[in-house]
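The values are calculated or read from the model by the stated rules, or taken from the named source; none is laboratory data. What you are looking at is a predicted structure, and each value in this text was computed from that prediction instead of being measured. Quick reminder, even Gly has a Cβ in these numbers, built from the backbone with ideal geometry, and neighbours come from all protein chains shown. Quick note on the areas: whole protein, heavy atoms, side chains included, nothing else; ligands and nucleic acids left out. Shrake-Rupley method; radii C 1.70, N 1.55, O 1.52, S 1.80 Å.
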Amino acid sequence: MSNMPNPPATMLSISGVHTYYGNIEALKGIDVEVNHGEIVTLIGANGAGKTTLLMTVCGTPQAARGHITFEGKDITRMPTHEIVTKGIAQSPEGRRIFPGMTVFENIQMGAMSCDPEYFDQDYARVTELFPILKERQNQRAGTLSGGEQQMLAIGRAMMSRPRLLLLDEPSLGLAPLIVKQIFEVIAEINQTDHVTVMLVEQNAYHALKLAHRGYVLVNGKIAMSGPGNELLERPEIRAAYLEGGR
């Protein structure tokens, strides 16, 4: 939650960003804006640059050209650990939990950048969102199911008290019932906890249905953008991402 009395409408601004892996240009002049209070989704095929964009926002890798500003501050060259303290947290693709540590220890890791006085309150909120994490708090994280690991990854990110939460493929590999639960929690985090969300998702139907706005990435470039419900109705979106089931 923001302490700013009148925060600017634009929370995150990505302007003309180019990102490389060696000689490979992964992002080719990306322009994206995320406003306070929104859920903004990025959809696109594998290799389109979605994950790279989230990682570039977090500073690993850093943008070779262009600018990234967060709440009016330029974070383009800022190291990742400083970006986290500014109020950005990521639940990464593949969850990246610490499998040998307990669920509770994983959650503690998420709170490392915060004042310890908030821990009990934040832990209570995370386990309210995901009650199974309280039940499993003494269990090694690597023994959780895929859905439970995803809940842990999101819960861990929430422990850093983010104002902007970056979610990378939260539904990947999960059963439909768990996907529905995860998306319901994302909506609650946005509406009740007032956390702005930037969501990368291959499940275009769920993502666009949930999001206020969406961007379509194709080969490292923005090919299309607009309100989520409008993108859902676009015939080219339906043909590329929605035909053959949801």
For this session: Determine whether residue 130 is in contact with a His (Cβ under 9 Å, 6 or more places away or on another chain) and either closer than 30 Å to residue 233 by Cα or touching a residue at least 40 places away in the same chain (Cβ under 8 Å) (or both).
Result: no
For this session: For residue 115, indicate whether it is without any contact (Cβ under 8 Å) to a residue 24 or more places away in the chain, under 25 Å from residue 147 (Cα atoms) and surrounded by fewer than 20 Cβ atoms within 10 Å (Cβ to Cβ).
Result: no
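Within segment 72-106, take every residue that is hydrophobic (A, V, I, L, M, F, W, C), touching a residue at least 24 places away in the same chain (Cβ under 8 Å) and touching an Asp or Glu at 6+ places or on another chain (Cβ under 9 Å) and give me the one that is least open to solvent (accessible area, probe 1.4 Å).
Residue satisfying both the conditions and the ranking: 103.
Given segment 189-246, what strands (runs of 3 or more DSSP E) lie entirely inside it while holding 3 or more residues that are closer than 24 Å to residue 57 by Cα, touching a strand residue (DSSP E or B) at 6+ places or on another chain (Cβ under 9 Å) and open to solvent by 10 Å² or more (accessible area, probe 1.4 Å)?
213-218, 221-227
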Seminar exercise, completed: Exception for residue 124 within (1) small (Gly, Ala, Ser); (2) within 19 Å of the chain's Cα centre (by Cα); (3) assigned to a helix (DSSP H, G or I) falls at (2)
For this session: Just give me the residues in segment 34-71 being hydroxyl-bearing (Ser, Thr, Tyr) and surrounded by fewer than 18 Cβ atoms within 10 Å (Cβ to Cβ), in sequence order.
Result: 60, 69
For this session: Have a look at 160, 171 and point out the one that is at pLDDT below 95, assigned to a loop (DSSP other than H, G, I, E, B) and within 20 Å of residue 52 (Cβ to Cβ).
Result: 171
